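Read the structure below first, then the notes.
What follows is calculated from the coordinates using simple rules that are stated; it is not laboratory data. As the structure is a prediction and not an experimental result, all values here were calculated from the model. With ideal geometry, Cβ positions are generated from the backbone for all residues, glycine too; neighbour counts draw on all protein chains shown.
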Amino acid sequence: MVGFLDTLVFLEQDNNESQDVDNLVSFEKDWDKNKVMLLSNQPHHLISNISYRAAKPKSEERDYKTKSFELAQVVRATCLEIDEPSSDSYLKDVLGKYTKKWLERTHHHLGATHDAGYPINSNFDYSVLGELNRFSINNVGDPFIEGGYGVQSRDFEIGVLDWFADLWEIKKDEYWGYITNGGSEGNLHGILVGREVFPEGILYTSKESHYSVFKAAFILRMKCIQIETLTSGEIDCNDLKKQLLQNKDKPAILNINIGTTVKGAIDNLDLAIQTLRDCGFSRDRFYIHCDGALSSIMLPFQDQVPRVTFKKSIDSISVSGHKFVGCPMPCGIQIARIEHMKELTNDHDYIATRDATITGSRNGHTPIFLWFALNRKGKQGIRTEVKQCLDNAEHLKERLKAMGASVMLNKASIIVVFERPPEKEFIKRWQLSCTGNIAHICVMPHVTSDKINEFVIELIEKRSTWYKDGGKQPPCVASDIGKENCVCPLHK
Ligand SMILES: *Cc1c(COP(=O)(O)O)cnc(C)c1O
């Protein structure tokens, strides 16, 4: 790993001590920041925070290299070497140990499956699909082209794609799509299509975007302009306007967040489209990709919320399959207007000749899991889950408010943002994910009201010891969630 340090940084930790990661963030002076990629098993928002900070002035840089090296050593120390030939009892022992660890992590923490406020729905039972392990199912290539490999699940894949196309209101013969390995691959694909449509285009995205958007810009070598955000975490269309006007000569490729990772903020799509028009960008001069990793499946099931739909001037949408739907393996859905795919190749018969997916072999199991989940739950089931999550999030927010904590919950969001608890042990125990002075909980379907109550009772008790007799004070979070939501001594 040492050899990679000047181009690639691995920040991997087994625990969830996000504040340590936070403190580590900065870059060696002689590094080309655009060439540094951060990989981590930490919750995503920490990484988006890192890429954001990487853009800060040099004066704020700290010594990073040594620390990341130490971390790499820590990871090395716990790695499971291949020690062959191994006895069956050794293999069983190791797997048993890990199964136990995963079970604990799945069931005893708020953030559930592996960590933090990570938005994963672990409310699933796919045991009837266990049989599938016997097959190596591979959807290599384009889902709409019959592949040469026989053991595949394209029928399931297209069934799932049609379901999402219907949800986002695009006709079957007007879309192209595929099942990805997750929201990040969907973002990479959507932005790639945007760039192929507008090779000269500039990518605009809010600074609170997921790191995969910046990673896509890096991979595709695109100019990327970060747009300021409002306190809610939404893109600031005034700043967008300013930036668009300064770059009127180049087409715009705009990433719209349908739920940011940390605050669950939904960018105002209508206002963004209006802003593009006001700045003189006609429909043939912009491309909009929607990063809907968590919320683009939830919005259609909510009333009085902004609509994500292909009836508006958007071009592609991606969503993660393992987040709200819930799936034991990472996966995602990517849908784009088919006309762009034609442009992508300048070949109107592209479908007969071309694989427009990103990878080669593709997971043939995940389409079956998704198909199974969508059939099982049905639209009514998802609507019920969405409502339950929104109610529980509201309930959690009210309880936090009642105990005198700083808290914010965006409209149509299930991510409750609040003041960061000062105790590492507590953060670890509840697997909270933290950025700077804020923590968040993603109230997914498995985060039940019982779990919330248990958490709240413990937090009340802890706060009374942490903040006893005016000793230590709760952190000020006004710059994160607004003065009106901050109840630190200054803003109370
Ligand atoms: C989680 C997330 C992603 C990435 O999705 P993966 O499925 O983890 O690749 C992208 N954007 C947002 C807003 C996310 O929350």
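With each pseudo-label sitting 7 Å past Cα toward Cβ, what's the residue 78-residue 483 distance in nm, one decimal?
4.3
Do any of 207/323; 311/379; 387/451; 215/377 go past 24 Å between their Cα atoms, and which?
Over 24 Å Cα-Cα: 215/377.
Using θ = phi - 60° and the Karplus relation 6.51 cos²θ - 1.76 cosθ + 1.60, list the HN-Hα couplings for the range 207-219 in order, rounded to whole Hz, with x at every Gly or Pro.
5, 8, 5, 5, 4, 5, 5, 5, 5, 4, 4, 5, 5
Given a cut-off of 16 Å, what percent of all Cα-Cα pairs of the range 389-492 lie beyond it?
55
If we sort 95-106, 369-380 on the protection proxy, mean other Cβ atoms within 10 Å, highest first, what's the order?
Ranking the peptides 95-106, 369-380 by packing returns 369-380, 95-106.
Could you state the number of Å between the C-alpha centres of the range 244-284 and the range 373-430?
28
Using the Karplus curve 6.51 cos²θ - 1.76 cosθ + 1.60 with θ = phi - 60°, what ³J(HN,Hα) values do you get for each residue of the range 247-256, in whole Hz, with x for Gly and Pro?
10, 4, 6, 10, x, 10, 10, 10, 8, 10
Tell me the Kirkwood hydrodynamic radius of the range 251-377 in angstroms, computed as one over the mean inverse distance between distinct C-alpha pairs.
Roughly 16.4 Å, rounded to one decimal.
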